[in-house]
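Asks: My questions will all concern the structure given below.
The values are calculated or read from the model by the stated rules, or taken from the named source; none is laboratory data. Predicted, not measured: the structure shown is a model, and the values here were computed from it. Note: ideal-geometry Cβ built from the backbone for every residue, glycine included; neighbour counts use all protein chains shown.
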Protein chains: 2
Amino acid sequence: MATIYEVAELAGVSPATVSRVLNGKTVRPPHERSVKAAIAELGYRPSRRARSLRTKQSEMIALIIPDIENPFFTSLARGAEHVTRKAGYSLVLCNTDDSPENEVQYVETVQAEHMPGAIVAATGSGHSFTPLLDEGRPLVAVDRHIEDPRADAVMADNLAGAIEATEWHVRQGRERIACISGQPSVETARERVRGWREVVDRAGGAPDEYLIWSDYHVLGGDSAMRRLLSLPNPPDAVVVANNLMAIGALTALAQLGVSTFDIGVSVCGTLPYVISAPPGVHTVPLPAREIGERAARLLLGRIDGDTEPARTIVLDSDGADVRSREPR
Amino acid sequence: MATIYEVAELAGVSPATVSRVLNGKTVRPPHERSVKAAIAELGYRPSRRARSLRTKQSEMIALIIPDIENPFFTSLARGAEHVTRKAGYSLVLCNTDDSPENEVQYVETVQAEHMPGAIVAATGSGHSFTPLLDEGRPLVAVDRHIEDPRADAVMADNLAGAIEATEWHVRQGRERIACISGQPSVETARERVRGWREVVDRAGGAPDEYLIWSDYHVLGGDSAMRRLLSLPNPPDAVVVANNLMAIGALTALAQLGVSTFDIGVSVCGTLPYVISAPPGVHTVPLPAREIGERAARLLLGRIDGDTEPARTIVLDSDGADVRSREPR
DNA sequence: GTGAAAGCGCTAACAA
DNA sequence: TTGTTAGCGCTTTCAC
């Protein structure tokens, strides 16, 4: 690959002048022309790493997520990629498999590559990311908060979503509404339980066995649903707290020959590629793509020097702003 | 962030010695100890960009794919990420939306960041990538070939898959087997049509209207299926050439109230998260994740200096090797 | 085995 | 407006 020196020599100017042309500084037109000609002739591309070493900037953003195979994160990634690409940034895909060790490895990568910031869906509390915040790198949490007041966040309105999911059952005339959620260490799992409980309590509450803390995976939804069905007094409706568990739960129903007429299912999240939503199934979409887009825009703003206090952006099912909160 | 000089000073050695410790060269044990202590104390991380500028190497690989939201590419990405992470490399997610302009932009990113190679599912012939091959950067094509003998490739056995998908219908006693494929410019679409035709021709062929060149998207599958059903002499079975079109086709059937008993469906690819495969639906899985893993391993080998002639690795539905071909 | 010094390709002062 | 020069943080000769 050609260097700036070769371009300079071919164009008959100094490397500094080439640099100026590259960076849109004012240069006398004839010089500019010959520099551009030389660039074209040599097929020259400025070296980002050399520039980066000098300017201490980098156009590389980390997207740190637990599972790219979960369609929620896939859509989120798509949204983030779209925005970052348009801004001339590249997205580094960091899949952690929900493992803190992998998170730490990727934190080190962010440091080693001097990435100016990251979009993060953390496993647990997110303390792995403290080093990055300490160094002043902006972080935008997505889907779940990071336990650090310096990080921005973009989230769905999980409470409202769970309330809507549960109220739908009520409107259908269901009276024994259960809930399958994720692990209690996960913020969204807790929030959705809170929404479910709020509605259920208004109608006199639900027995303890109606709440199952599962794991957000397909198999977890499957076994949770089986457990609910085997109860002495089984529910007539279930709120499922995420997309993958919903698939598991619906699979269990299908295999057991139980119709969604007998037991209604309402889902916090979008069912990926449902061939045709069975009757009795309701879905409260999660604006995954919009979360990714908003997070990317927020992060780019921070990188650009926005020093406002950290914000939490909450999006409703349509991806519209619910409210913006000041630092927690 | 601390630099190698600060570490050297704290450890009472020269930067060169610190560098040697970092790179595992032989250094007198006491020195090594004090250097390591200094590194720990300062929380020092070597700057990859500085090292990269000096060594002309980089641990960043581009994954260039048309659509991360297609579960096939999602799984492929997952496999590639897994392998590259273990090898200390990072994956840059390059989503092209099937647009050559975006491909070109990402080719420029690969150059600017001096990435040593890329995994590529190209739009069209893949000529966008010639500059990279000209510079000697190894490329591994996935899913579809690149029209360049210098690029390796890892693919599914699409011909065999389509044959199996079609023969399944034959075994079910179907007699009028149609095919919904992608655009003829796409290699996999052509291969799968070839497989379908091979089986169908053995049984006396199929009318022209039974072959639909659609577009690999959900809506394409939907409208293609509707078109087939409205034929004067509609088929009693359909081979659908990819996962997304299969979803569209099945949705159409469901909406029209046609059962898969009346019209069998056989799919080249994996149906993502099917709640329960309807009877009369058959699936020939595509080893997406394995393709990603193999491609990553192959690419890392090339980066590592493997200069054997370009190979095409073909994997069957289980992800096992079918054969390896010499350059085409 | 270790240190001094040069240089990777770029940008930013500073002079001219 | 332009060129000269120094330096970003590292690795790698080359002496010692």
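Asks: Might you let me know whether the stretch A:41-59 holds any residue that is more than 10 Å from chain B (Cβ to nearest Cβ), surrounded by fewer than 24 Cβ atoms within 10 Å (Cβ to Cβ) and within 15 Å of A:ALA141 (Cα to Cα)?
Replies: Checking the stretch A:41-59: not a single residue is more than 10 Å from chain B (Cβ to nearest Cβ), surrounded by fewer than 24 Cβ atoms within 10 Å (Cβ to Cβ) and within 15 Å of A:ALA141 (Cα to Cα).
Asks: Continuing with this model, one more query. For residues that are hydroxyl-bearing (Ser, Thr, Tyr) and free of Cβ contacts under 8 Å to residues at least 12 places away in the same chain, scanning just the stretch B:1-52, find the one that is farthest from DNA strand D (Cβ to nearest atom).
Replies: So the residue we want is B:THR26.
Asks: Scanning the stretch B:130-152 for residues that are touching a residue at least 60 places away in the same chain (Cβ under 8 Å) and farther than 17 Å from B:VAL83 by Cβ, which turns out nearest to the other protein chains (Cβ to nearest Cβ)?
Replies: Per the stated criteria, the residue is B:ARG150.
Asks: What tally of residues in the stretch B:5-38 results from selecting those that are exposed (fewer than 13 other Cβ atoms within 10 Å of the Cβ) and near DNA strand C (Cβ under 9 Å from one of its atoms)?
Replies: Residues meeting the conditions: 7.
Asks: Taking the stated definitions as given, is B:ALA2 small (Gly, Ala, Ser), assigned to a helix (DSSP H, G or I) and surrounded by fewer than 17 Cβ atoms within 10 Å (Cβ to Cβ)? Even if it seems obvious, please write down each step before you answer.
Replies: Numbers: small (Gly, Ala, Ser): yes; assigned to a helix (DSSP H, G or I): no; surrounded by fewer than 17 Cβ atoms within 10 Å (Cβ to Cβ): yes.
No: the conditions fail for B:ALA2.
Asks: Please indicate, with yes or no, whether at least one residue in the stretch A:89-103 is more than 10 Å from every other protein chain (Cβ to nearest Cβ), among the aliphatic types (A, V, I, L, M) and in contact (Cβ under 8 Å) with a residue 12 or more places away in the chain.
Replies: Within the stretch A:89-103, none of the residues are more than 10 Å from every other protein chain (Cβ to nearest Cβ), among the aliphatic types (A, V, I, L, M) and in contact (Cβ under 8 Å) with a residue 12 or more places away in the chain.
Asks: Separate question: Testing A:ALA160 on (1) among the small types (Gly, Ala, Ser); (2) within 14 Å of chain B (Cβ to nearest Cβ); (3) touching a residue at least 40 places away in the same chain (Cβ under 8 Å), one condition comes back false. Which one is that?
Replies: (2) is the only condition that A:ALA160 fails.
Asks: Oh, and also: Restricting to the stretch B:188-243, what's the tally of residues that are at pLDDT below 95 and touching a His at 6+ places or on another chain (Cβ under 6 Å)?
Replies: So the answer is 0.
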